[in-house]
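Engineer: Pasting a structure here, questions to come.
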Amino acid sequence: MTNTLDPAQLNAAIDNVHRAGMPGLFAEVRDGDRTWRGAAGTADTTTGRPATAGMRHRVGSVTKTFTAAAVLQQTENGRIGLDTPIGRYLPQLVPGERGEAITVRMLINHTSGLAEYLPYAYPSLKGFPDMANTGPQSLDDNRFTRFDPVELIEMGVRAPATGAPGSTPGIYSNTNYLLLGELLEHTTHTTAQQCITRNVIERAGLRNTAFPTGPHVDGPHSQLYESWFGMIDPPRDYSVYDMSWVGPAAGLISTVTDLNRFYGMLLAGKIVGPASLAQMQRTVPVVSQEGKTIEYGLGLYPTEAPGQATFWGHGGTVWGGGTLSVTRADGNRQLSLALNLQRWNALDPAGRPRPHPIDDALAALCRTAMYG
């Protein structure tokens, strides 16, 4: 099954996203042995420095696939049981009956019922994800804050549960993946970042993918502009930011080329075995942070269009940056995309994002890239 990879169409589609209001973006599309890389707009609105397809980028929750893969590797060697209660491994973090009820699988697929810690770590996001009752103030306050993952986990565990363990739809929560990071540390006797680097990033041969060691992005990269639904006007650059607030949930830096290589190898059974990959592709309904119900597996979710093939991958956002990486189920068609503006929509009186020209242009780019 091969789609048309038309460079002229892709160049026009990516330019349209820039013209619709995106400062800069870059992408890589693969179809079999053919590859298109493109970019549009600027990486720095002050200097006019252009965006280029090889730039490094904060990939946000795309990190979750890497973390999930590292956990699945540990299930393959018998160190972790997918359906073992997390309390058997980390009783100090999820104690008592709750620790016995929440399994490792429930953490990976967001059906644990553990709340998101984010509004507790960032006080001005107290209503998150109810955007009408949040504000951007504490983004600046915490630019250089070094968060302790255990303290963040405790915030999520202490917060009111979002549902009974294992019930669906699950509620997307970064608390789950910080716990998975602590689980990896517990079982491998290294940090989660070291474990993921050695067993996933290096195994996949990714040369430009790493967890940051400080607030800066090393190497050529774009600035990251946060609008926070028009409350930050003009949008402010948050490319310099301490990512300890998300760590193994959303902290990675990568490139669009590395992401395509990673997902291609993952779906080919070269990062985890076929049985583990099948587990990753078993989905349950989960409510995303945007309030949409999606089908979510173990660090992967499918993207489907009527009459078209299924793609697997993950999206991610950070303050000012967005990423999407998807690979067709047969592995032959791939898209990885990076954006340098986030939350560009204004809010209506009910607190819902208003339509913006970027939305339609971005959807058109993804359709062209995925389906030709």
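The values are calculated or read from the model by the stated rules, or taken from the named source; none is laboratory data. What you see is a predicted model, and the numbers here were worked out from it, not measured in a lab. Counting neighbours? That spans all protein chains shown, and the Cβs are built from the backbone with ideal geometry, glycine included.
Engineer: Mind telling me which of the residues G113, G127 ends up being free of Cβ contacts under 8 Å to residues at least 12 places away in the same chain and small (G, A, S)?
Structural biologist: Answer to the check: G127.
Engineer: Then there's this: Taking the stated definitions as given, is N3 surrounded by fewer than 22 Cβ atoms within 10 Å (Cβ to Cβ), at pLDDT below 95, of a type outside the set (D, E, K, R) and over 14 Å from L339 (Cβ atoms)?
Structural biologist: The answer is yes for N3.
Engineer: Could you list, in sequence order, all residues of region 207-216 that are under 24 Å from Y238 (Cβ atoms) and touching a residue at least 12 places away in the same chain (Cβ under 8 Å)?
Structural biologist: N208, T209, A210, F211, P212, G214, P215, H216
Engineer: Then there's this: Please enumerate the residues belonging to region 6-39 that are among the hydrophobic types (A, V, I, L, M, F, W, C) and either touching a residue at least 40 places away in the same chain (Cβ under 8 Å) or buried (at least 18 other Cβ atoms within 10 Å of the Cβ) (or both).
Structural biologist: L10, A13, I14, V17, A20, M22, L25, F26, A27, V29, W36, A39
Engineer: Moving on to the next point. Every residue in region 34-76 that is under 21 Å from E182 (Cβ atoms), touching a His at 6+ places or on another chain (Cβ under 6 Å) and among the aliphatic types (A, V, I, L, M), please.
Structural biologist: Hit for region 34-76 is V62, nothing else.
Engineer: Another question, if that's okay. Listed residues L252, L259, L224, L266; which is of a type in the set (A, V, I, L, M) and touching an Asp or Glu at 6+ places or on another chain (Cβ under 7 Å)?
Structural biologist: L224
Engineer: Additional query: Could you please find all residues in region 1-57 being out of contact with any helix residue (DSSP H, G or I) (no Cβ under 8 Å at 6 or more places or on another chain), of a type in the set (A, V, I, L, M, F, W, C) and either farther than 24 Å from G230 by Cβ or part of a strand (DSSP E or B) (or both)?
Structural biologist: M1, L5, A8, A12, M55
Engineer: With respect to A249, determine if the residue is over 29 Å from S138 (Cα atoms), touching a residue at least 24 places away in the same chain (Cβ under 8 Å) and among the hydrophobic types (A, V, I, L, M, F, W, C).
Structural biologist: Spelling it out, it is not the case that A249 is over 29 Å from S138 (Cα atoms), touching a residue at least 24 places away in the same chain (Cβ under 8 Å) and among the hydrophobic types (A, V, I, L, M, F, W, C).
Engineer: With respect to V200, is the statement that it is part of a helix (DSSP H, G or I), over 19 Å from T103 (Cα atoms) and in contact (Cβ under 8 Å) with a residue 60 or more places away in the chain true?
Structural biologist: Here the answer is yes, as V200 does meet what is asked.
Engineer: Has region 55-62 got any residue that is farther than 26 Å from L184 by Cβ and modelled with pLDDT of 95 or more?
Structural biologist: Yes.
Engineer: Looking only at region 317-372, count how many residues are closer than 25 Å to W36 by Cα, more than 20 Å from the chain's Cα centre (by Cα) and free of Cβ contacts under 8 Å to residues at least 60 places away in the same chain.
Structural biologist: Total satisfying the criteria: 0.
Engineer: Sticking with this structure for a sec: For a quick check of your reading: which helices (runs of 4 or more DSSP H) sit entirely within region 114-195 and have at least 1 residues that are buried (at least 21 other Cβ atoms within 10 Å of the Cβ) and out of contact with any Leu (no Cβ under 7 Å at 6 or more places or on another chain)?
Structural biologist: 174-188
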